[in-house]
1. How about the stretch 342-377: which of its residues are within 17 Å of SER408 (Cβ to Cβ) and either surrounded by fewer than 24 Cβ atoms within 10 Å (Cβ to Cβ) or among the small types (Gly, Ala, Ser) (or both)?
2. Taking the condition of being surrounded by fewer than 23 Cβ atoms within 10 Å (Cβ to Cβ) and under 31 Å from the mean Cα position of the chain (by Cα), how many residues in the stretch 105-127 meet it?
3. Looking at the stretch 241-295, which of its residues are of a type in the set (Lys, Arg) and under 22 Å from PHE204 (Cα atoms)?
4. Among SER231, SER206, SER239, which is in a loop (DSSP other than H, G, I, E, B) and more than 26 Å from PHE137 (Cβ to Cβ)?
5. Answer with yes or no whether SER351 is part of a loop (DSSP other than H, G, I, E, B), under 22 Å from VAL424 (Cα atoms) and touching a Pro at 6+ places or on another chain (Cβ under 8 Å).
6. Out of ALA387, ALA419, which single residue is small (Gly, Ala, Ser) and at pLDDT 95 or above?
7. With the condition being among the aliphatic types (A, V, I, L, M), at pLDDT below 90 and over 25 Å from LEU209 (Cβ atoms), I'd like the strands (runs of 3 or more DSSP E) fully within the stretch 80-195 carrying at least 1 qualifying residues.
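The values are calculated or read from the model by the stated rules, or taken from the named source; none is laboratory data. These numbers were taken from a predicted model, which means no experiment stands behind them. With ideal geometry, Cβ positions are generated from the backbone for all residues, glycine too; neighbour counts draw on all protein chains shown.
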Amino acid sequence: MDRNTYENQIINGVTTRPYDVVFGVLVARFSASDVTATTIRPPREAGLRVIPDDAFPVAFNRIASVDLSLCDTLVSVGARAFQTAPITSLLLPASPQNLVSIGDSAFESAWRLDAIDLSNCFALKTIGNRAFFGSRFTELDLKECNALETIGENAFYWSRLTALDLSKCTRIETIGISAFNKSPLTTLDLSNCLALRKIRDGAFFSSVLTTLYLHCFETLDEIGNNAFQRSELDMLDLSGFTALKTIGNGAFYESTLTTLDLSDCTGLETIGEGAFRLSGLATLYLASCTALKEIGDDAFLFSVLTALDLSRCTALKTIGDRAFAYAMPTELDLSNCTALEKIGERAFHTSRLTTLDLRGCPALVTIGERAFSESRLTTLDFSKCVALERIESSAFNASNINRLDFSSCTELEYIGFKAFGDSVITLLNLSNCTYPVYVVNRQYEWMTLAAGVYAFPGM
């Protein structure tokens, strides 16, 4: 049987069953028969609407070209339709205005396909999970896909894309988990994605991005965990992103960021654990982050910040463990942190601070172990810390302080071992402390001190 006769027999079945089914039968018969055809080309009169799930099975290895150029009614490419298929050419209709969805794993590992044209898919709403996982094409034009709403999880994971223009995708709301993970993207234009709400976990992990355009000021509420980890962005301007609530754990971990502007992010509540760890960040703007409640553990660990202004972070409750450790700032402004309750362990370890004014922190309860150790503090003001209860071990180790005035710290209960190690404390004022204060001196000796003023030859 020659190829034309075979195709005609299939097409004659259109009157008795939908061509969606016939297309699947056609593929299956090619796979199982001795037919030597290398191209599938459904005719326009077939009215093909759906390419079925699993249209090209893994074992199918003869069809090199799928020509859908006459399928103007095509609505959907099914899940796994071309997964691992050895096709080298795929032609879509010149004006595929009806194509709404590309299913999960539709082109996953279709490793011989080096190009696909979606530039005129005006109705495309969804690119499914793993849709182009491991694909080999380096360019993809989606800029006219102005109905696109979702790019699914792992959609372009391990693809070879180097550039992607989504600038006219004005309805896109979600970029899924690991959507472009390990893709060699260097430039991403989201400048007109004004409906974008979520950049999910790992979306651009290891993507080597150097340029990112974001203007979704009023909609973006989440940058997920590890979303831009190991990106090569130098600067990120998120100033005025009023809907942004969360920057996730490790969001920019090991990135090359040197400047980050979060000023006027009035809805920002959380900067996650390790969010900017090992980022090389030198400049950070947090002005008017009035909703910021938590800076997570390791958030800016090993950054190279020289100054840190938290003065307008009026809702800030927690500065996590090692949050700014090894960042070595010389200036720290906590003057209006009226909600701050905890400064975590090693939070500012090895800072280069000489003065610390905590008068603007009336809610402060705990200063963690080694919170300011290896700093160069000579002046420390607790005069309005009326809620302070605990100063943990080595909190201010390697400082050079002589006089400690806790007369306003009426709730103070505990000063840990070497809390002010290397300082020679000559005067300790506990005159208004409600409870006896447990103090551990250099010899690990516990002292219980009642309210009063104490003079020491050195504590």
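1. Pass one, the stretch 342-377, residues within 17 Å of SER408 (Cβ to Cβ): 356-367.
LEU356, ASP357, LEU358, ARG359, GLY360, PRO362, ALA363, VAL365, THR366 - these are the residues of the stretch 342-377 that are within 17 Å of SER408 (Cβ to Cβ) and either surrounded by fewer than 24 Cβ atoms within 10 Å (Cβ to Cβ) or among the small types (Gly, Ala, Ser) (or both).
2. Summing the residues that are surrounded by fewer than 23 Cβ atoms within 10 Å (Cβ to Cβ) and under 31 Å from the mean Cα position of the chain (by Cα) in the stretch 105-127 gives 14.
3. Scanning the stretch 241-295 gives LYS245, ARG277.
4. Every option except SER239 fails the conditions.
5. Spelling it out, SER351 is indeed part of a loop (DSSP other than H, G, I, E, B), under 22 Å from VAL424 (Cα atoms) and touching a Pro at 6+ places or on another chain (Cβ under 8 Å).
6. Numbers: ALA419 fails: at pLDDT 95 or above.
Only one candidate qualifies: ALA387.
7. Here the list reads 89-91.
Residue by residue, here is whether (1) in a loop (DSSP other than H, G, I, E, B); (2) on the phi > 0 side of the Ramachandran plot; (3) within 19 Å of the chain's Cα centre (by Cα); (4) without any contact (Cβ under 8 Å) to a residue 24 or more places away in the chain holds:
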{"site": "THR266", "(1), (2), (3), (4)": "yes, no, yes, no"}
{"site": "ARG277", "(1), (2), (3), (4)": "yes, no, yes, no"}
{"site": "LEU308", "(1), (2), (3), (4)": "no, no, no, no"}
{"site": "CYS313", "(1), (2), (3), (4)": "yes, no, no, no"}
{"site": "ASP321", "(1), (2), (3), (4)": "yes, no, no, no"}
{"site": "ALA325", "(1), (2), (3), (4)": "yes, no, no, no"}
{"site": "LEU332", "(1), (2), (3), (4)": "no, no, no, no"}
{"site": "LEU340", "(1), (2), (3), (4)": "yes, no, no, no"}
{"site": "LEU356", "(1), (2), (3), (4)": "no, no, no, no"}
